[in-house]
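Here's the structure, in structure tokens; my notes come after.
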Amino acid sequence: MSRSQDEKRTRSRGVFAISVAAEMVSMEIQNLRVYERRGLVAPDRTPGGSRLYSPDDIDRLHRVRELLAEGLNLVGIAHVIALEDRVEALERRLAATRRPA
């Protein structure tokens, strides 16, 4: 496994409890639950069902916060995030095609 793959896996692994995640992004715990129900964030779960937020989830919650501050509602935020995710995936595909064989 390459170093970048290992780093990506580490960033996507849930390690923060919901209370810690909420504090990190200055949000109420209930808001994080709403954002999960709306599909804006998808934290890991422990075998007991507790949410575990990854560094990537924390970044996503910061982005949600920015978009809320810009006046978007949750439906608009979902669309923006979906488009940003699509652009990122397309950029990765393009970069892969440009790598020398």
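Among Gly39, Val25, Leu90, whose Cα projects farthest towards the positive end of the dipole of the chain, with charges put on the beta-carbon of Lys, Arg (+1) and Asp, Glu (-1)?
Of the listed residues, the answer is Leu90.
Calculated from the structure, Rg and Dmax of the Cα atoms in Å equals which of (1) 12.3, 40; (2) 16.6, 54; (3) 15.4, 49?
(3)
Taking the Cα centre of the chain as the origin, how large is its charge dipole in debye, to the nearest 20, when only Lys and Arg (+1) and Asp and Glu (-1) carry charge on their Cβ atoms?
440
Quick one: which of 21-30, 85-94 comes out on top by average Cβ neighbours within 10 Å, and what's the full order, highest first?
21-30, 85-94
Share of the stretch 39-101's accessible area from carbon and sulfur, percent, 1.4 Å?
55
Please identify the helices of the chain, taking whole runs of DSSP H, that span at least 15 Å along their own axis as judged from the Cα atoms and have a mean Kyte-Doolittle score of 0.5 or higher.
Flagged H segments: there are none.
Restricting to Cα pairs below 8 Å that are 6+ residues apart, what does the relative contact order work out to for the chain? Please round to a whole percent.
26
Once every DSSP H run of n ≥ 4 in the chain is given -39500 (n - 2.57) and the sum is divided by its residues, what mean residue ellipticity at 222 nm do you get, rounded to the nearest 500 deg cm²/dmol?
-21000 deg cm²/dmol
The values are calculated or read from the model by the stated rules, or taken from the named source; none is laboratory data. The model shown is predicted, which means the values in this text are computed figures rather than measured ones. Backbone-built Cβ (ideal geometry, glycine too); neighbour counts: all protein chains shown. Note: areas computed on protein heavy atoms with side chains; ligands, DNA, RNA excluded. Shrake-Rupley method; radii C 1.70, N 1.55, O 1.52, S 1.80 Å.
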